[in-house]
Amino acid sequence: MDNKRVVIVGAGLGGLRAAEALRANGFVGEIEIVGDEEHVPYNRPPLSKEALKSGLGHEDLKFRQRDSIADVHWKLGSGARSLNLEKKTLTLANGEELMFDGLVIATGIRPRLLPIPGPTQGLFTLRTLSDAQKLREAIVPGENLVILGSGFIGCELAATGTLLGANVHVVSLDSEPMVMPMGLELGGAMRRRHESKGVTFHLGRTVKSFNGDEKIESVTLDNGDVIPTGVVVEAIGSVPNVEWLEGNGLDLSNGVLVDHTMRLVGPAGTEATNVPVVAVGDVARHPSVLYAEGPRRIEHWNMPTETGKRAGATLAALLKGEAPTDDPFSALPAFWSDQFEYQLQSYGLPGVAARSKVVSGDLDGPCIVEYFNDKDHLVGVIGIDTVKELVPYRKKLMNIDSSSS
């Protein structure tokens, strides 16, 4: 295995953890990590919060790297353009071609964009450190900031924008912010918290046009309302970065389909390829014994680490000619979100629930909400300002087997 070569496509947290896991599982060959940004892996959740508010730079956000991957070669500034699994070649955007014996797909996601007519100067997304730096320069006290989307990123941006002195307007087709994971009641309670800080919500609405000559000067909503603004942020969801994988017979219907080991699965459950290839992080659509709804992509902060560990172990085994572990994948999804002074934390998958129940506190104060599926089994929990009280739920949710989920 000494002369084997692994290419990791994606220089984010998932790619970093996969490299560490390769070394931890005995892979001593060459590892090359490809990334379209100029930076080695850094922490993205602070981009909508502290990095935007305080202007944190890459040195503040970059992940500490283990000594075991000190010899990894970083090829940054040019992402993947195409893949030929049969020939085991990867072509980069700059035309360079790389050969590999094993491959890690870690290309993550990008912001979804709406086809809204009008100028685009003053239109922003938030996914990279560069995005955050540009947006910070644009948000000035007294400016109307229009955010399209009321998910976690949109609401975190609303809080940060308000703290920076902007007048924040959130436009969303949803009936309440963060309604998909939280449900109507808790989403409504979070809306009230934001409104008490000055955020204005335009719910059940979308933007019909951006108005102005070269630069956005206002937006027109689908009900005819006009909001003057020079800064608009699109935060309406994400798209998995899979275009470079096309033409290889893979299931790319929603990210990259993999099995419990993170190895690629082809259409209808067939073996995708005999080439050792795994996928990690936000781009991987994987099964878990903790939910029975089938493979899914989970864009929570802990999943790149969990899938990266499993994928690195799998790839190391395959490159030795060994079978990877048969243990089912059972990492517990978890997320947190800081909005103003409020701390939100969750375990499990509350977004798949059929009903919810407040079991501690009340919705307008510190509280814990449990989420149940249509079989009345606990599938998730969300707490607001109850971090310590939420800890026992990790064990509760990890004890759920596939028959009860």
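The values are calculated or read from the model by the stated rules, or taken from the named source; none is laboratory data. Here the structure is a predicted model, which means the values were calculated and not measured. Please note: Cβ atoms are built from the backbone with ideal geometry, for glycine as well, and neighbour counts cover all protein chains shown.
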### Query
For G118, all conditions in the list (1) in the same structural domain as A51 (by TED's automatic domain parsing); (2) on the phi > 0 side of the Ramachandran plot hold save one; what is the number of the exception?
(1)
### Task
Quick one: in segment 279-304, of everything that is buried (at least 18 other Cβ atoms within 10 Å of the Cβ) and among the β-branched types (V, I, T), which residue is farthest from M262 (Cα to Cα)?
I298
### Task
Please specify each residue of segment 331-357 satisfying the condition of being surrounded by fewer than 19 Cβ atoms within 10 Å (Cβ to Cβ), touching a residue at least 60 places away in the same chain (Cβ under 8 Å) and more than 18 Å from the chain's Cα centre (by Cα).
F340, Y342
### Message
Any residue that is assigned to a strand (DSSP E or B), at pLDDT 95 or above and surrounded by fewer than 21 Cβ atoms within 10 Å (Cβ to Cβ) - is there at least one of those in segment 192-200?
### Response
yes
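Condition check: polar (S, T, N, Q) and out of contact with any Phe, Trp or Tyr (no Cβ under 8 Å at 6 or more places or on another chain). Does S337 satisfy that?
Numbers: polar (S, T, N, Q): yes; out of contact with any Phe, Trp or Tyr (no Cβ under 8 Å at 6 or more places or on another chain): no.
Considered against the rule, which asks whether it is polar (S, T, N, Q) and out of contact with any Phe, Trp or Tyr (no Cβ under 8 Å at 6 or more places or on another chain), S337 comes out as no.
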### Query
Quick one: is E185 under 30 Å from L344 (Cα atoms), among the acidic types (D, E), assigned to a helix (DSSP H, G or I) and at pLDDT 95 or above?
yes
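So for segment 120-127 (the condition being hydroxyl-bearing (S, T, Y) and within 21 Å of L56 (Cβ to Cβ)), does at least one residue qualify? Spell out the reasoning first.
Let us first name the residues in segment 120-127 that are hydroxyl-bearing (S, T, Y), namely 120, 125.
Subsequent filtering for residues that are within 21 Å of L56 (Cβ to Cβ) retains 125.
Scanning segment 120-127 turns up at least one residue that is hydroxyl-bearing (S, T, Y) and within 21 Å of L56 (Cβ to Cβ).
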### Task
Within segment 216-245, track down each residue that is without any contact (Cβ under 8 Å) to a residue 60 or more places away in the chain and not assigned by TED's automatic domain parsing to the domain that holds M180.
E243
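I need the strands (runs of 3 or more DSSP E) fully contained in segment 61-151, keeping only those with at least 2 residues that are within 24 Å of the chain's Cα centre (by Cα), more than 30 Å from R23 (Cα to Cα) and in contact (Cβ under 8 Å) with a residue 24 or more places away in the chain. Let's see the steps before the verdict.
Numbers: elements: 73-76, 80-84, 89-92, 97-99, 102-105, 109-111, 144-148.
Counting at least 2 such residues, we get 144-148.
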### Task
Please note which strands (runs of 3 or more DSSP E) are completely contained in segment 296-405 and include at least 2 residues that are within 30 Å of A24 (Cβ to Cβ).
334-339, 342-348
